[in-house]
Amino acid sequence: MRRLGFATLEFIIFSLMFFGLCLNYSQAAEFNVYQVYRPIDLGETNIAPPKDIYISMGSEQGLKKGSTLDVYRRISSFDNMSQRHMGDHMIPVGKIRVIHVDDKTAIARSDRFVSIEQEPALLPQAIMIGDVVRIAE
């Protein structure tokens, strides 16, 4: 059996570490809204029932009750002249506040929406399934 030199082992270890870092960077987790639930309004009060927003992020990602999250909508742009996909835009929708946290999921409620005067118009102005969520900075 052939023995590897120290320099060769260093190169192999460095290569594996570099490949691992690149793999982790390119496959960064993205968290989304996976359900929006509003109970039926039975007309018992003048206040509409609140929407519960279920997200695929939980305490394992650092969420706590009261955490604020930014919500974005991915919009693809398409050039009709050249028939090419030009890229995706992450348009801010608003902020949500966490009201319940489990290990891998959480439930939040709308905190505020981004003004359509400040960002491209997203209508209806609401949190939707598939929207991307990130911890607010």
| query | Is there a residue being closer than 15 Å to VAL36 by Cβ and touching a residue at least 60 places away in the same chain (Cβ under 8 Å) anywhere in the range 85-96? | reply | no
| message | I need every pair where a residue in the range 98-121 that is within 22 Å of LYS65 (Cβ to Cβ) and exposed (fewer than 14 other Cβ atoms within 10 Å of the Cβ) has its Cβ under 6 Å from the Cβ of a residue that is hydroxyl-bearing (Ser, Thr, Tyr) and at pLDDT 75 or above, sequence separation at least 6 or different chains. | response | ASP103/SER59
| task | Please enumerate the residues belonging to the range 33-57 that are surrounded by 13 or more Cβ atoms within 10 Å (Cβ to Cβ) and more than 19 Å from GLY94 (Cα to Cα). | result | PRO49
| query | So which pairs qualify, if the first residue must be in the range 48-59 and over 8 Å from GLN35 (Cα atoms) and touching a residue at least 12 places away in the same chain (Cβ under 8 Å), the second must be crowded, with 16+ Cβ neighbours inside 10 Å and small (Gly, Ala, Ser), the Cβ gap must be under 7 Å, and the two must be at least 6 apart or on different chains? | reply | LYS51/SER110; MET57/ALA106; GLY58/ALA106
| message | Being of a type in the set (D, E, K, R) and either in contact with a helix residue (DSSP H, G or I) (Cβ under 9 Å, 6 or more places away or on another chain) or in a loop (DSSP other than H, G, I, E, B) (or both) is the filter here; which residues of the range 41-82 pass it? | response | ASP41, GLU44, LYS51, LYS64, LYS65
| Which members of the range 97-111 meet the condition of being in a loop (DSSP other than H, G, I, E, B) and either more than 16 Å from GLY62 (Cβ to Cβ) or polar (S, T, N, Q) (or both)? | THR105
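The values are calculated or read from the model by the stated rules, or taken from the named source; none is laboratory data. The model shown is predicted, which means the values in this text are computed figures rather than measured ones. Reconstructed Cβ throughout: ideal geometry from the backbone, glycine too, with neighbour counts over all protein chains shown.
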